[in-house]
Structures are given as structure tokens and as C-alpha cells.
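The values are calculated or read from the model by the stated rules, or taken from the named source; none is laboratory data. What you see is a predicted model; the values in this text were computed from it and never measured. Neighbour counts are summed over all protein chains in view; Cβ atoms, including those assigned to glycine, are modelled from backbone coordinates with ideal geometry.
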Amino acid sequence: MQYPILSLVTFLPTLGVLFLIPLRNHSLIRYIALVFTLLTFFVSLPIYTNFDRSTHLFQFVESYQWVPSIGINYKMGIDGISVLFILLTTILSVLCVLVSWKAISHKVKEFYSMILVMETAMIGIFCAMDLFLFYIFWEAMLIPMFLLIGIWGSSNRVYAAVKFVLFTLAGSVLMLIGIISLYFLGGRTFDIITLQGIRYPIEFQYWLFFAFFAAFAVKVPMFPLHTWLPDAHTEAPTAGSVILAGVLLKIGAYGFLRFSLPMCPDATKELMVPMQVLSVLAIVYGAFVTLMQTDFKRLIAYSSVSHMGFVTLGIFSLNQTGLQGGILQMINHGIVTGAVFMCIGIIYERTHTRRLEDYGGLAKVVPVYVLFYTIFSLAAIGLPGTNSFIGEFLVLSGAFQNDYAIAAPAILGIMLGTAYMVWLYYRVVLREVNPTIKGHLYDMQLREVIMVIPLVILIFYIGIQPSVPLSFMQTSIRHLILQMDGGMLIGLR
Amino acid sequence: MSAYPIIPEIVFSTTIVIYFCLGLFIKNRNYLTVLGVCSSLLTTVMIFSSPMGSLFGGMFVSDALSQSFKLVFHISLILSLLISLRYEAIRDEYFFDYTLLMMLSTLAMMLIASSRDLIALFLSIEFMALCMYTLTGFSRCDLRSNEAGLKYYILGTLASVTLLFGITAIYGITGTTDIKAIGAIFYNNSGEPNPYQYVGVLAILIALAFKAGAAPFHQWSPDAYEGAPTTVTAFMSVGPKAAVLGAMGTVFYVAFKADPEVWVNALIFIAIATMAIGNIMALRQENIKRLLAYSSIAHAGYMMLGILAGSLEGLQSVLIYMMIYAFMNLGAFAIVLSIKDGEHLRGYTGLWHTNPYTAIGMLILLFSLAGIPPFAGFIAKFKVFMAAVHAGYTWVAVVGVLFSVLSAYYYLKIVVRMFFVTEQLGIRPVAVSANLSIAIILTVFFVCLIGIAPSVLL
């Protein structure tokens with residue numbers, strides 16, 4: 001790569017904001033936002049075609065001095081763990097623009113600016129190779145998300161937005177102190193590779209693990225810290241929910257992979273069982289709570305808690321299978337839950353209700369919609385042939401390699417998952433047509449079909465050809481495991 | 001020995017005298033403000049073109065740190081003059097007196113930053129405090145302003161006496177008031193600290209904490225901040241606070257560093273209490289002036305972490321914090337002044353729909369005050385916490401960041417009012433006067449610039 005592709009992909013959306021500022025015409029604003037997200041997507045494609053899957057080293061590295069007096073660099077680069085998330089982000093951002101086409105009718109310019117700023121922050125997080133830079137992107141994401149929920153959300157949006165910010169902030173400030181301690185212990189640098197190459201004293205590892213855990217566990221969210229998620233998901237506009245489910249939650253799990261595992265390997269191994277127990281608790285508890293929900297969006301939000309439990313279960317299995325499954329499941333959850341939230345958004349635009357008791361009999365009125373909704377429901381359940389099956393299978397086999405007693409209850413989570421999705425399907429799609437919404441229903445339009453098609457393709461592509469996404473991450477994961485065992489400590493300087 | 005290091009002070013005093021003479025004839029607010037800003041700019045140029053060095057037997061020292069502190073004072077003076085220009089609570093006939101007092105107190109702050117002798121320090125602090133008492137009670141017909149001025153004066157005198165008492169005790173032990181000499185004497189004294197040393201050091205600590213409005217000696221400050229004219233509140237929350245915290249940092253770093261066990265625990269207590277009380281009391285405020293007053297108490301608490309570090313790095317972090325805080329806080333006050341009913345939370349309802357640019361400016365300043373990147377406030381907090389962690393006070397830094405999460409709540413409360421509340425209370429767009437626009441644009445610009453390119457400061 002001759003040109004700084006990562007910086008280009010990261011800051012192209014923000015450049016789009018500058019183009020949006022002078023505009024007044026709403027549909028022009030929408031098209032410009034679409035153009036910039038599409039452009040970002042196409043610019044991000046060479047990253048995949050040129051990615052070298054045979055090495056664990058960081059690729060496309062760019063490094064410039066930023067604050068030389070304290071050794072902060074602007075350093076970007078990606079490896080097998082982060083590469084897929086960039087594609088996920090750029091695809092979902094395009095879909096976010098499309099899904100908001102009709103739904104957002106006031107303060108349109110501001111809305112799309114926020115979406116574009118979010119995209120920059122999200123891509124930046126996955127590319128950052130300097131802890132300070134990472135933290136800036138991590139926190140900067142709060143502001144647009146806060147405004148997205150608070151301005152364009154539904155009735156209880158203020159509570160949800162403030163709760164979201166306070167929860168996330170409380171976690172991330174502890175991480176900040178962790179980062180600063182790391183800086184002094186690691187020889188006054190924020191460079192992630194250098195910091196990963198040091199074996200820290202075990203007491204420090206515990207403290208660091210805790211500090212990072214506070215930030216990442218809130219973001220994932222892991223079991224006792226998940227309460228912000230249903231509120232934020234439910235109140236956010238559809239695009240906000242898609243971004244939240246699709247990318248934001250992944251950032252927490254990505255943090256575990258990028259920082260907690262390689263920097264505190266001994267503490268992670270010691271704390272592996274409690275972490276797995278928390279994950280299984282999230283799976284089972286999340287599934288039970290999901291069963292009880294009467295609000296369409298809230299139901300899917302709680303199912304995210306359960307699904308993200310699989311991700312952390314896979315990650316904290318600390319073996320190749322589990323880690324691969326965890327990362328794949330992150331991608332899968334982003335695709336599937338994003339798709340389901342888009343479906344909810346599509347139907348909500350027509351009915352303006354999220355209460356499940358108002359729904360029923362969609363199959364008889366909107367068959368095309370139901371076709372796609374069925375595909376996404378089955379993918380969420382984890383039917384063989386869809387992507388989630390592969391992810392959950394890998395996670396479970398990884399977890400079973402460690403401890404049957406911990407992994408077995410997760411099976412219960414899958415069963416409950418089937419139960420709530422099928423029951424939801426029954427209540428929404430089957431039954432008699434509900435008269436309260438009957439008059440408002442009409443089937444999907446071309447724009448709406450176009451925006452779900454890519455996700456359908458991805459679901460079946462990963463479901464049938466899982467070796468392609470897995471091949472991106474294999475080498476990096478193997479290196480990560482070696483690194484945790486105190487093996488190779490080599491990186492790209 | 002040459003007189004060069006003190007040139008900025010001499011230039012500033014001279015311009016103040018000229019200003020005093022001209023002010024007898026000029027009553028136009030615009031001219032007076034321009035004159036004040038010009039003399040401040042001239043002094044700023046002199047600060048950085050004069051050589052460093054020490055004078056009067058080490059009583060007056062001009063070094064990189066004191067120069068930068070002087071820059072902060074002048075930034076806050078210029079911004080305060082700008083936002084005062086059209087402020088109606090300062091009536092035309094008193095505007096000259098008002099600006100003069102501000103300039104005099106800035107001169108006093110410059111002397112504080114350069115004093116390396118306890119007596120000189122005491123005199124400079126008193127000089128500054130007298131100006132501030134008068135400014136607080138400046139609205140003569142306003143009962144609250146009178147009360148605030150009187151309260152500030154009486155309690156402030158108590159603090160001055162305490163400071164003098166502490167200086168006496170230290171003089172009794174060391175036989176000198178020269179800060180550097182005191183440091184050397186304590187450094188060479190290998191035995192247990194003298195009990196009178198505790199008395200002296202703690203009395204000085206308490207007195208300075210009092211002047212900085214730190215808890216548990218903060219009771220005067222919310223009343224003084226609320227009662228004083230808003231522009232004075234803005235000025236008071238930055239300049240004098242910077243001067244006192246700078247003095248505190250210098251005294252403890254240079255003079256008392258040898259026996260940290262004497263004061264470290266007390267300072268940790270004061271810092272944590274300050275952060276706790278400032279943030280917790282701000283949570284429930286509906287009056288923005290009072291909210292910003294409590295938040296400025298909280299910010300003093302964060303800055304004390306830098307002093308706690310007891311290192312040059314710590315002192316620099318206090319300085320950087322103060323400089324960034326000057327922009328954030330004066331910008332926020334400029335917006336408070338520009339809004340009709342800006343002193344109350346209800347004045348901000350739906351501001352985004354009526355005055356979008358003001359609202360976005362306030363949004364940036366508030367997120368910066370809360371310490372969320374990519375704005376300057378984050379850099380300030382980052383440096384201070386970094387100094388504290390480096391000095392080994394990680395747990396104090398953890399307490400500090402947790403309180404900063406609490407602070408996000410009350411800043412967000414204003415953002416929620418401005419952006420999320422849609423029912424209009426019949427407010428019309430307010431035309432923001434040119435001087436306030438300049439102040440807002442300047443502060444927001446610097447808050448963004450420092451946030452994105454921190455290397456301009458670090």
C-alpha cells in the first residue's frame with residue numbers, strides 16, 4: 001500500500017461532514033451521506049484484497065509523531081483480529097444511512113453528521129495502535145451516540161442517553177488510569193506492540209485486568225453491568241440500534257482480545273473461570289429475561305446480552321477454537337442483530353408501535369418482509385447453514401475443551417434462544433392479522449429490500465464458507481495464544 | 001544584577017497608571033476595554049521577551065513556569081474584559097473602576113507567580129484579595145453582591161491571618177522567609193520533623209486551600225460566586241484560583257518537599273474532599289452560576305492532584321490544567337451571559353432550536369469540562385492524573401476519575417436541556433453581541449485545537 005489507506009478509511013466519513021454543513025436540502029443531504037459511506041466502503045475493500053493472511057504482524061502501518069514530549073504517536077495498523085471489523089463497520093454504516101432515509105425527518109443534517117462521525121470513531125478504534133489514540137476514539141464515540149439517542153430517540157430517550165454515557169464513562173475512566181499506569185511501567189510509551197511485549201508483575205496484571213475489565217465489560221456488556229443496554233437499544237433510533245448492536249458492543253470484546261489477553265496473560269488465566277461463569281450467566285439470564293419481554297426492540301436488546309455472552313465465553317476459553325468462535329460470533333451478531341433491528345425499524349415506520357400485543361399475522365399482509373424476517377430469525381437461532389451456527393458451534397466446542405460443567409449450561413441458552421425467537425415469530429408473523437395495525441401495513445419497498453440483501457448474502461456466505469473469515473484471523477489468534485504462554489514476543493516495530 | 005526580569009510587571013504597572021489617568025476623561029466602555037486589552041497584550045509580549053532570572057535577593061524570580069502562569073492570568077483578564085464589555089450589571093459610570101480593579105488584581109497575580117519569599121507572597125496575595133473583595137461586592141445596589149463581598153472579606157481575612165501565622169511558625173524554625181532557603185534547611189535536617197513544622201506547614205496549607213476555595217474551607221465561595229456580578233464570577237473562578245494554586249504548588253514543591261509526611265495526607269484529604277463536595281453539591285444546582293461555582297471547586301480538587309505529585313511534572317500539569325480551564329470556564333460564562341435568563345437552567349431549554357451555534361459551542365465547552373475527548377478538558381485531566389499516578393498516588397487518581405464521571409452528570413443535564421427537550425417555552429433567538437461572540441469563538445477554537453493537537457501546550 002503506497003497511500004495511508006487506514007487513515008483514509010477512518011477520516012473519509014468526517015470529511016463528508018464538512019460537505020454536509022452548508023447544505024439545506026434534505027434529500028441532497030441524504031444522498032451526500034450515502035455517497036460518503038459508500039465511498040468509505042469501496043475504499044476499505046483493498047484492505048481485504050491486499051491483506052496478508054499468513055502473518056500475525058500488523059499491516060498497513062502508519063506512524064507519525066503526535067505529542068512527542070510524552071511519546072504519543074498517531075499510529076494505525078490492523079492485524080487478523082481487527083481486519084474484519086472494519087468491513088463490518090463500513091457495510092453497516094451504509095445500511096444505517098439507508099435505514100434512516102424516511103425515518104428521520106427533522107434535523108436531518110445533524111443526524112447524518114453524527115452517523116458519519118460515529119463511523120470515523122468506530123473505524124479508528126479498530127485501527128489504533130497507540131493506546132492514547134485508542135482512548136481518544138473510544139471516548140469520542142460517546143458524544144455522537146449520546147446525541148443520536150437523546151435527540152432522535154423515542155419517549156424515554158433522555159434517561160437512556162444519560163445512563164448510556166454515565167455507565168460507559170465510569171468504565172472507561174478506570175481504563176484511563178490503567179493506561180497511565182501501563183505507560184509508566186512499560187517505559188513511557190503508549191505503543192500497543194511494545195506494551196504487549198512486556199511481562200508485567202502478577203499483582204499489576206490483576207489491577208490492569210480489573211481496570212480494563214471495567215471498561216470492556218460495560219461495553220460488551222457482561223452480566224451484572226448490562227442494564228444500560230436495553231434502555232439504550234430500545235430508545236435509540238433504528239440506525240442507532242444497528243450501530244450499537246453491530247459495532248459498539250464488539251468494541252468491548254475487541255478490547256479484551258487486544259489488551260486484556262496479551263497484556264495480562266497470567267491474570268487472565270487465573271480469572272478464566274470467573275469470566276466464563278459470568279459469560280454463561282449472561283447467556284442464561286439474558287435468555288430468560290428475553291422470554292419475558294413485551295416490547296419488540298427490548299426483546300432483541302436482551303437477546304443481545306445473551307448472544308454477547310457467547311462471545312465472551314469463546315474468548316475466555318483461551319484456546320484456538322474458542323477464540324475463533326468468539327470473533328466470528330462478534331461478526332455474526334453484528335450482522336444478524338443489526339438485520340433484526342433493521343426489520344423492526346422497517347415495520348415500526350409503518351405501525352409506530354413496538355408493543356408485541358399490537359402485532360400479529362404479518363405473514364398474510366407483508367410476505368416479502370416476512371421472508372427476510374424469517375431468514376434473520378433463523379440466523380439468530382443458529383440454524384445450520386447460517387453464520388450463527390458456525391460461531392456458536394466453535395464457541396461451545398472451545399468451551400467444552402476446558403470444562404464441561406461450565407459449558408453445559410450454555411446449551412440451555414441455545415434452547416431458550418430458540419424458544420424466544422420462535423415464540424416471537426409466532427406472535428408477530430403468525431396468528432390472525434391484528435386489526436390495530438392492519439390499515440398501516442404495506443410491503444417492503446425497493447430501498448428496504450436493497451438494504452437487507454447484503455446482510456442475507458453475508459449470513460449464508462459465512463454459514464456455508466466459514467473458512468474464509470476464519471482464515472483472516474487464524475494466524476493472529478495462534479500468535480495471541482503463543483504470546484499468552486510466554487512464547488514469541490515479537491512485533492512490528 | 002539587572003532589572004530585566006521584572007520588566008513585564010513594570011510595563012503593566014506603568015500602563016495601569018496611564019490607564020488610570022486616561023480613565024478620568026474617557027468614559028466610553030469600548031475605548032476603556034480596548035485600552036485594557038492592549039495593555040494586557042503588551043504585557044504578554046513583554047513576559048515572553050524579557051529574560052528569566054531572579055531579583056531582590058531571590059525574592060522575585062521569573063522562570064518558565066511563572067511566565068506561563070502569567071500568560072494564564074492575562075488570558076483570563078483579556079477574556080474577562082471582553083465578556084464584561086456589554087454586561088449591564090456594571091453601570092457605565094463604574095466601568096472604569098471595574099476594569100481598573102481587574103487589571104490591578106492581575107498585576108497582583110503576576111507578583112504571586114514570581115514571589116519566592118513568604119512575605120512577598122503574603123503581600124501579593126493580600127493585594128489580589130483586596131481587589132477581589134471589592135469586585136465581589138461591586139454591584140452596590142444588589143444585596144446579594146454586598147453580602148457576598150462582606151462574607152468573602154471577613155472569611156478571607158481569617159485565612160490571611162492563618163497564612164501569616166503559618167509563615168511565622170516556619171520563620172521560627174528556619175529563621176528565613178526565603179522559600180528556597182527554607183527548602184534547603186528542611187532538606188538538610190535529617191531528623192524527625194519539628195512539631196512546629198507541622199503547625200506552620202498545615203496553617204499555610206489551610207490558608208491557601210481557603211483562598212483557592214478548596215473543601216472543607218469552601219463555604220465562602222458558592223455564595224461569593226453567586227452574589228458577585230457574573231463577569232466577576234467568571235474572572236474569579238480562573239485567575240485568582242490559578243494564582244493561589246500556583247503559589248501552593250511552588251511553596252510545597254520548593255520549600256516543603258523534604259518532609260512530605262507532614263502535609264501529604266492533609267493534602268490528599270483536602271483534594272478528595274474538594275472533588276467530592278464540589279461534584280456532589282453541583283449535582284442538584286438549578287442555578288448555572290452556582291453550578292459552575294461548585295464545578296470550579298471540583299476542578300480545583302483535580303488540580304491539587306498535580307500539587308500532590310510534588311514534582312515539576314505535577315506543577316506543569318497544574319499549569320496546563322489552569323490554562324485549559326481558563327478557556328473552558330470563561331467560554332462557558334460568555335455563553336451564560338449571552339443567553340437571556342442564562343443564570344437558570346430553564347433558560348437553556350431548547351436552545352439548540354433557537355440559537356444552534358451557541359448551543360453547539362456550549363456543548364463543546366461542557367463536554368470539555370466533563371473531560372471527554374477529543375476536547376481540551378481531557379488533556380488537562382489526563383496530565384494531572386498522569387502526574388499523580390507517576391508519583392505513586394494511583395488510588396487518589398482513581399477516586400478523582402470516578403468523581404469526574406459524577407461531574408459528567410450535571411454537565412450533561414445542561415446538554416439535555418439544550419438539545420433533548422423539544423417543547424418550546426416561547427423563547428426567541430437572542431442576538432449575541434459581537435464581543436461575546438468573539439470570546440465564545442476564541443474559547444471554543446482553543447478548546448478544540450488543544451484537544452486535537454495537544455502538542456501546542458505539552
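Here is how the numbers come out for the structure above:
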| quantity | calculated |
| --- | --- |
| Within the range A:122-148, considering residues that are buried (at least 24 other Cβ atoms within 10 Å of the Cβ) and in contact with a Gly (Cβ under 6 Å, 6 or more places away or on another chain), the one farthest from A:L249 (Cα to Cα) | A:M129 |
| Among the residues listed as B:G301, B:G310, the single one being part of a loop (DSSP other than H, G, I, E, B), closer than 26 Å to B:Y393 by Cα and touching a residue at least 40 places away in the same chain (Cβ under 8 Å) | B:G310 |
| Selection status of B:R116, in contact with a strand residue (DSSP E or B) (Cβ under 9 Å, 6 or more places away or on another chain) and either of a type in the set (K, R) or more than 30 Å from B:D178 (Cα to Cα) (or both) | yes |
| The lone exception for B:M109 - which of (1) modelled with pLDDT of 85 or more; (2) surrounded by fewer than 22 Cβ atoms within 10 Å (Cβ to Cβ) it fails | (2) |
| Options A:I151, A:I177: the member that is over 29 Å from A:I78 (Cα atoms) and within 14 Å of another protein chain (Cβ to nearest Cβ) | A:I151 |
| Subset of the range A:37-66 [within 14 Å of chain B (Cβ to nearest Cβ) and either touching a residue at least 60 places away in the same chain (Cβ under 8 Å) or of a type in the set (D, E) (or both)] | A:W66 |
| Those residues of the range B:260-285 which are free of Cβ contacts under 8 Å to residues at least 60 places away in the same chain and either charged (D, E, K, R) or crowded, with 21+ Cβ neighbours inside 10 Å (or both), in sequence order | B:R284 |
| Residue within the range A:213-236 that is within 14 Å of chain B (Cβ to nearest Cβ), farther than 28 Å from A:L313 by Cβ and not in a helix (DSSP H, G or I) present | no |
| From the options A:D130, A:D79, residue that is in contact (Cβ under 8 Å) with a residue 12 or more places away in the chain, within 14 Å of another protein chain (Cβ to nearest Cβ), acidic (D, E) and out of contact with any Cys (no Cβ under 9 Å at 6 or more places or on another chain) | A:D130 |
| Residue within the range A:22-36 that is closer than 30 Å to A:H479 by Cβ and within 22 Å of the chain's Cα centre (by Cα) present | no |
| Residue list for the range A:180-212, restricted to those being aliphatic (A, V, I, L, M), within 13 Å of chain B (Cβ to nearest Cβ) and either without any contact (Cβ under 8 Å) to a residue 60 or more places away in the chain or not in a helix (DSSP H, G or I) (or both) | A:I180, A:L185, A:L208, A:A211 |
| Of all residues making up the range A:154-170, the number that are facing another protein chain (nearest Cβ under 8 Å) and either surrounded by fewer than 22 Cβ atoms within 10 Å (Cβ to Cβ) or within 13 Å of B:A370 (Cβ to Cβ) (or both) | 6 |
| Residue among A:A363, A:A339 that alone is among the small types (G, A, S) and within 18 Å of the chain's Cα centre (by Cα) | A:A339 |
| Subset tally (residues that are facing chain A (nearest Cβ under 8 Å) and in contact (Cβ under 8 Å) with a residue 60 or more places away in the chain) for the range B:372-412 | 9 |
| Selection count, the range B:240-259, where residues are basic (K, R) and either without any contact (Cβ under 8 Å) to a residue 40 or more places away in the chain or not in a helix (DSSP H, G or I) (or both) | 1 |
| Scope the range B:165-198; condition assigned to a loop (DSSP other than H, G, I, E, B), of a type in the set (G, A, S) and closer than 20 Å to B:S115 by Cα; matching residues | B:G175 |
| Residue in the range B:322-343 that is surrounded by fewer than 24 Cβ atoms within 10 Å (Cβ to Cβ), of a type outside the set (A, V, I, L, M), more than 14 Å from every other protein chain (Cβ to nearest Cβ) and assigned to a helix (DSSP H, G or I) present | yes |
| Residue match in the range A:336-347 (condition: under 26 Å from A:F310 (Cβ atoms), polar (S, T, N, Q) and modelled with pLDDT under 90) | no |
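Yes/no per residue for (1) part of a loop (DSSP other than H, G, I, E, B); (2) touching a Ser or Thr at 6+ places or on another chain (Cβ under 6 Å); (3) hydroxyl-bearing (S, T, Y):
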| residue | (1), (2), (3) |
| --- | --- |
| B:S68 | no, no, yes |
| B:F73 | no, yes, no |
| B:L79 | no, no, no |
| B:T106 | no, no, yes |
